[in-house]
1. Out of all the residues in region D:84-94, is one or more modelled with pLDDT of 90 or more and not β-branched (Val, Ile, Thr)?
2. Can you work out which of the residues in region D:43-77 that are more than 7 Å from every other protein chain (Cβ to nearest Cβ) and over 30 Å from C:Ala79 (Cβ atoms) is modelled with the lowest pLDDT?
3. Between E:Asp258, E:Asp290, which is within 14 Å of another protein chain (Cβ to nearest Cβ) and among the acidic types (Asp, Glu)?
4. C:Val159 fails exactly one of the following numbered conditions: (1) in contact (Cβ under 8 Å) with a residue 12 or more places away in the chain; (2) facing chain D (nearest Cβ under 10 Å). What is the number of that condition?
5. Does region D:43-67 hold any residues that are in contact with a Lys or Arg (Cβ under 8 Å, 6 or more places away or on another chain) and surrounded by fewer than 20 Cβ atoms within 10 Å (Cβ to Cβ), and which are they?
6. What do you reckon, is B:Ser204 outside the structural domain of B:Asp78 (by TED's automatic domain parsing) and touching a residue at least 24 places away in the same chain (Cβ under 8 Å)?
7. Taking the residues in region A:140-149 that are of a type outside the set (Asp, Glu) and more than 7 Å from every other protein chain (Cβ to nearest Cβ) as candidates, determine which candidate is farthest from E:Val301 (Cα to Cα).
8. Between E:Val15, E:Val90, which is without any contact (Cβ under 8 Å) to a residue 60 or more places away in the chain and assigned to a helix (DSSP H, G or I)?
Amino acid sequence: MVRGEVSIDSCVSRPPWWSGTQDGLRFSAGRCGPSCLGRRDAFVDGYFGSYALVGLLLVVGAGFVAVSFAANRLLRPHRPTPEKRRGYECGLDPAGGGWAQSHVRYYVFAFLYLIFAVDAVFLFPWATVFARPGFGAVTLAEMFVFLGIVAAGVVYAWRKGVLTWV
Amino acid sequence: MNVLLVLLLAVPLAGALVLLVSPRGWAQHRALPVGLAATALTLLDAVALAVHYARGSRSDVDAAWIPAIGLRFHLGVDGISLPLVLLTALLTTLCAAYLLRSAARPARPQAFVALLLLLEVGMLGTFVALDLLLFFVAFEIVLVPMYAVIAGWGGADRRPSARQFILYTLVGSGVMLVGLVLVGVAAGTLDMVVLAQRGGAGLSHTVQVVGFLAIAGGLAVKIPVWPLHSWLPDAHTAAPTVGSVLLAGVLLKMGTYGLVRIAVPILPEGAAAFAPVLGVLGVVGIVYAGLACLGQSNLKRLVAFSSIGHMGFVLLGISTLTAVGINAALFANIAHGVITGLLFFLVGGISERYGSTDMGRLGGGLLAATPRLGALVVFGAVASLGLPGLAGFWGEGLAVLAAFRPAAELPGGLYVALAAVAGVGMVLTAAYLLVMLRRVVYGVPRSSVPMPDMSRAELLTWSPLVAAVLVAGLWPAVVLGVTDGAVRALLGVR
Amino acid sequence: MTGPATTAVQGVDLLAIAPPMLLAAAALVVLLVEAFRPAARLVATTALAGAGLALAAELVLAADVLGGGRSRATFCLPAALRGTGPASCSYVVDPFAVLLGLVALLAGAAALLLAVPEIRRTRLPAGEFCFLLLTAVAGAVALPAGRDLVTLVVCLELVSLPVFALVALRRYDGRSTESALTMFLVSVASTAVMLYGISLVYGLAGSMYLDRIAVALNPAAAPPAAAVGIVLVLVGFGFKVSAVPFHTWAPDTYAGAPVAVAAVLAVVSKVAGFAGLVLVLVLGFGGFAPVWAPLVAVLAAASMTVGNLVALRQRGALRLLAWSSIAQAGYVLAPLGALAGMAGRPELREELVAASVGYLVIYALMTTGAFAVVAFIGRITPGNDGTDLDGYRGLARTHPVVGVAFAFFLACLAGLPPGLAGLFAKVVVVRAVVDGGHGWLAVIVAVNTVIGLYYYLAWAVRLFAPPAADGAAFGALRRPIAVAIAVAVAGLVLLSVFPEPVLAGWSLTGTG
Amino acid sequence: MGIAYPTVLAAVLFAIGIYGVLARRNAVLILMSVELMLGAVTLNLVTFDALLGDPSRSGQVLALFVIVIAAAEVGVGLAIVLLLFRNRASISVDTLDGRGEAVRR
Amino acid sequence: MGLLDTGLRLVAVFVAFLTLPLLVGQMEHKAMAHMQSRLGPMHAGGFHGWAQLIADGVKFAQKEHVVPEHADRTIFSLAPAVALLPYLLVLLVIPLGPGLVALDLDIGLFYALAVLGVGVLGSVMAGWASANKYALLGGMRSAAQLMAYELPLVLTAASVALAAGTLSLTGIIGAWSPWWLLWQGTGAVIFFVAGLAELHRPPFDMPVADAEIIMGPYTEYTGLRFAFFLLAEYAGIVVVCALTTVLFLGGWRGPFLDAQLGWLWTLLKVFALAFVVVWLRTSYPRLRSDQLQKLAWQVLVPLALAQLALTGVIRVVMS
């Protein structure tokens, strides 16, 4: 790849980790100086660091579960019989398959949830910056508009009988 | 008098619009008079324009239309276009008059006349446009009305013929459009006057060659140049009389006019490169048409094929790239328009009376049964074969003559050969026309049922054409004098 | 979320965003009206009133922007975050945005009009239909003003998602549902591809703002991955505008959807897709033009050739229109394909973009008109579902006005006088392509124009043919459809005589 | 700890998604594959945003929108699938088509 | 963050995860017994049967693991872990006292809500994989319930975040003041109720209604895996109560000595809430599934929206 003269040469226009001197991706702070370098370390520590603990805990938890199941395997008897392995229907022989066709209303529940809960995603970023200086009544009004739309959705669903379940 | 130029297009357009929007009941009976009035007004306008031109005042309308594509509403007439404008206005008026007779009344006259007027707008627009794209637009405007006239009012096989007509022409237009745009982009202007003055300066050889190929290729379909002619006989056979008259009388001229007006002066290097090819194709067309005519049994088809031959002469004239040759071509153009227009009118008249144009079924004896009509057919035929003293003679004769002395950059030997073959073609023309006369006009009528001879209305309609043939034949300077100056101006003095 | 302490509050130019906002508000109102007073007539009237209001706002905006000669930019990057870079506004109403917004709005209103009789006649739910339609149009109106990838993506989805639902809205029609599913899956996958491309571009350019991307992404400084991202974005848009080879969903969907929805797909959705494509390619990825322009050129050539050739064989009206719209997409793409050499020639860029946009606008008008007539014939006349071309025989004899209007639309689509608007549009495209040095593409355009002519002409001829012996009579013309046809005819006649307003350079403003 | 891990993971997710879209014939599975692709997009966006320290947070903003878009797509998509299932279960699509043809010819 | 420090944090969280649910469970045994005027098991371990839960655990561990023949074996076996582990992960970010938190995430609230939602997946997996009609119905119901109650939960959490201006849990406690009890009171109740519903605790235990569908998703489970589901339920109570405490009741903030006794205040509040949970179980009849949905969509969601609006207005007025 032949490189011409690099005309733009600032941190603003080019990502700091991109070094124009070599081909391919190289994550360095070559062009941005020490501040970017610091940011990179902060990135690793602050970003992955905190979630590393979450990951470790997950590993610990998974280990706990695995150990428990392993120990359980040693402690418990294992004598399966066809009767035991038959699906439980209050002592009667199971009729039909185990998976029945489910009612469509569950789909409606899912749909309602999907719409509203995902919209709520926008609430959190807003909620955190809302109190900062410079944001005020206008920001609030904007969120009222948003809430109004969500509310209109609920009203619509209610009028359409989605919220009646019997 | 720029207003005359604008009126030239506005009058027929207004007529067409009036007919289109007027209620059906009203227009049903007034369509034909309205049509005649509009065409006649246009003819008057054209004559006035000619008078003005003769007095030496030049008309030129130039206004920006669509700056985005550099399209200007640029109209003007000069010696090259003026005769064609007059011819168009005359033929259209005659057609409108011809329709007035109850025998020729078309079905759905409102639509028919509206289409006729639209056709006139396109034809006149093609001849007066001085902007490449405007020329193209006008060129395209003609297509749909002509298609509709053939497909809606034609005879047997009208739909396939009409479709063939429009598809052939459109393929040509598409190619031509690319050529025009190429020239416009390369030169930075679409103004024909400016481009012609430059005479190819500023256009690279490649652009000129490619542009000429595309533009002339597109026009060649319209002319039609052999071997792109196969739509023509079918279209003529299927078209109603009026359609045939305009098709042969005007539409074919649009192709040759385009060559003279655009391709040759604007792209001289391209023209020089392809002129021999055009010449060869033209001569092939002459001979081919002659042979084909000998084998025709249908009168209408015969006249149609003869058009291919006549246009071959025009092409030969143009291909010499000399002032003489091009003047000859323009003269032949006019002559062919008048003569073939007359012939198609006559064939239409025969068809009205006998219900057929098949020579075998007509059987002969036309002169005996309807003496005046027969005489006129004879007149038309001898005019067409180029009898000295009639219009057909000068154009074709001069074209052959010009071929002996083509432009300096062209291969002289080839042109001498072409001239010789074209001479043979002239003989063939005479042969098939005489055969036709023998089979149809002379002899004893097959049936004894009395046929009405030429009516007064027909006489009125046709006599201007007869007069034109005589005038142009006896006094060719009336046309050549007009064209010559313009041709020399256009080509630079050659 | 943890930005600098400086305020990130952006000023909002309410007039600039008024049209899409009004449409969105109207959509909500329609939904509530439907919830409380479910009468089709009331709902449709409300929706139309909303569209009219938005149209008024758009006209005011147009007068302001065009009259003042100054584009209105809003949602700009605050000065504190801007640094030394360009202005970076998210929403810029420039002439380009005004024009395409207006077109989308008009096409949306027309689709609404087309739908009115169908809603009354069939079991199409009025409220949902109007709501979805207005929402989609709101997205399409906002999209041409978007100047960063986030806005563009959101607007594009705002156009797409309601359309999926619209296509499937005829709930008891299996064909409708199947076509909706086909379209949905294809479109969703293409969105994902496009988004992945966007994520790569973002990573390499460091910004979502098109003007910043343009500065950061130049082939000399960006790695090959940027080209990959750009191509992926292009693929995504290829699906949206149904360019060959990403077109396969279109014919089935057009044929399966209600006619009004097919009109939305063919016009509103396509206008939005092209607006986004132009913005992204020209303003954002300009530096990479040598990479993407040849691809676009190939897409254009393939689209028109395949579209026209397949359209030749169609016997169904909607399928024919679908293939024709694929072919027309090729014409719109062609000038963009000639953009490779725009680096040092800003005037060439202007010309090519103007050609593309001009064609798009005229395409929108003529296609809307054609669909209006199909809506008149199709599915309104009992016993004639308007899907067979032979069902149009004799239209010009029984309904001369509609027949002539339709013939005019077809002539425009074909680019044949009297459809001068279509002819000029094609001339502009050919001229621009030749100017861009792509003669071969111009020749392909010209040849395709001729191929296209054949089927448009064949259709137009049927209108004037005597009606088939067993053909059912056409029904009466409903007023909403008549209005739509009249508007399309008026617009096209106007543009046939005076196309300058559409073909003149509708300059794109990058930053505002 | 570099950018490589998240981006490569995203690329792998995306590739799996593409494979699923191309190889699967079940509409729901295709939809799931698309969701996988969108997940890759989100991951990419968030990674780049964090890495760039983008002051305008564009990456995260688009990531939020991608999540919402994904949800909306699932909603609409499942609705259509459900509709299709109903139509197929109640009225066979083939017979429906056949009747339409009969009227037309 | 050193290795030792990290290890310590993990161990602390893990220990809390193992002990607190047992304490809640024991409390439930005893409190319910007394409320229903009965003694409950009194023998294991001597004093008031304190070792009963341990005995239960031992018993569970020795029982056979039976997989139904048509079940989706892998999912069936994994479901308990999926149900349990999210609660462990949430505990990580819950602050016990000032500075006394295993991981102080700046988006702690978001994290907690996100991870909390995963737990229900365990029930759905169990319900689906069991190849049993009751289990499937239960799984469906539990999913539907999650979906209905997730929205009020998230909306009220957003209200708190809005009031505090941060998503960090410690930050929220820092911003808390007693009068929040007043203007966030509605939110607190909604959050708590929605949290209960997510845990399928009575009166929201329709998914496991034994009179109708045996044990819902857990019908086919035995032994340790069943015990895990039980453990998950009690861990869930701890987490929901702790989140309510942190978000609405001021966490470690007490009448005095916050710095030293913060952990105590937190635990007291958590257990007080846990007691309420038990109390509700004995007091209210089970809601029908349509009543469940109705409560969520027609009462809690509008109220939560109103609460959010109120919070926003008050924030603006105050600033």
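1. no
2. D:Ala70
3. So the residue among E:Asp258, E:Asp290 that is within 14 Å of another protein chain (Cβ to nearest Cβ) and among the acidic types (Asp, Glu) is E:Asp290.
4. (2)
5. D:Gly53
6. Here the answer is no, as B:Ser204 does not meet what is asked.
7. Ranking the candidates gives A:Ala141 first.
8. The unique qualifying residue is E:Val15.
The values are calculated or read from the model by the stated rules, or taken from the named source; none is laboratory data. Bear in mind the structure is a predicted one, so any value in this text is a computation, not a measurement. Cβ atoms come from the backbone with ideal geometry, glycine included; neighbour counts cover every protein chain shown.
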